[in-house]
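Single-structure report; data block below.
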Amino acid sequence: MSAPVPHGPGSGEASPWVTRWAHLVRPGGSVLDVACGGGRHARWFARRGWRVTAVDVDAAAVAALPSPIEGIVADLEDGAWPFEGRRFDAVVVTNYLWRPLMPTLLGALAESGVLIHETFAAGHESVGRPRSPAFLLAPGELIELTAGLRVVAYEDGFLEAPERFVQRIVAVREAAEAPAPARHHLRRPEPQPAG
């Protein structure tokens, strides 16, 4: 019997990658959780005051999302994009890959919006599912798929508990007319003492 997984799709706990980089998302801003499943990331962001929209093909999973999360049932692979004209301060994607959707996801980012993406990579077929190359990123592929954004963090490697090969990225759509270079903190800024 394997040990319980501290985080992951079945745990209800948000991915440490997502929580590590959430400080880059505008406080109180809009977050889109793509292929949300049970909504672990939607719930995490909503509990912390972000306005969250979550989308998944599974109607039962979407129906179980608590208020104030806006739940949308949509087939992102064979249906129309349900957010035409909307922009989000963050787009969060974990354990999901549909390459034809990537340009649409990048287009859904508002100015200064953050893409937080983590999914399976080549090599994962040796330890579990998915095994099809259609659902596994090639080395460096997330960098290529996010061309035009400013990459703040990127990892491509192996994680344990559970064993998995992943690629993950945090990338920002920088403001076109920024007066000074944006400061994308690599750690959550420490609160400053008052006065």
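Amide H contacts of Ala54 (H built 1.01 Å from N, in plane; Pro and chain starts excluded): Asp33, Glu70, Gly71, Ile72 sit under 5 Å, all sequence-distant by 5 or more or on other chains.
The HN-Hα couplings worked out from phi for the stretch 93-99 by the Karplus form 6.51 cos²θ - 1.76 cosθ + 1.60 (θ = phi - 60°) are 9, 9, 6, 8, 8, 9, 3 Hz, whole numbers, x standing for Gly and Pro.
Give the separation of the Cα centroids, the stretch 75-123 to the stretch 30-63, in Å. Here the answer is 13 Å between Cα centres.
Measuring spread by the Cα atoms of the stretch 90-148 yields a radius of gyration and Dmax of 12.2, 39 Å. Taking 8 Å as the Cα distance limit and 6 or more residues as the minimum spacing, I'd like the relative contact order of the chain as a percentage. The value is 17 percent.
Just in the stretch 109-195: which trypsin sites (Lys or Arg not before Pro) are loop by DSSP and have at most 14 other Cβ atoms within 10 Å? When the trypsin sites (Lys or Arg not before Pro) of the stretch 109-195 are filtered for loop state and at most 14 Cβ neighbours within 10 Å, Arg131, Arg183, Arg187 remain.
Globularity index of the stretch 1-117 is 1.01 (Cα radius of gyration / 2.2 N^0.38 Å, N = number of residues). Please give the net charge around Cys36, taking every other residue with its beta carbon less than 14 angstrom from that of Cys36, where Lys and Arg add +1 and Asp and Glu add -1. Net charge in that neighbourhood comes out at -4.
Converting phi to 3J(HN,Hα) with the Karplus coefficients 6.51, -1.76 and 1.60 and the offset θ = phi - 60°, the stretch 144-156 yields 5, 5, 10, 3, x, 9, 8, 7, 9, 8, 8, 9, 8 Hz in sequence order, with x at every glycine or proline.
Read-outs: derived from the displayed coordinates by stated rules, not from any lab. What you see is a predicted model, and the numbers here were worked out from it, not measured in a lab. Quick reminder, even Gly has a Cβ in these numbers, built from the backbone with ideal geometry, and neighbours come from all protein chains shown.
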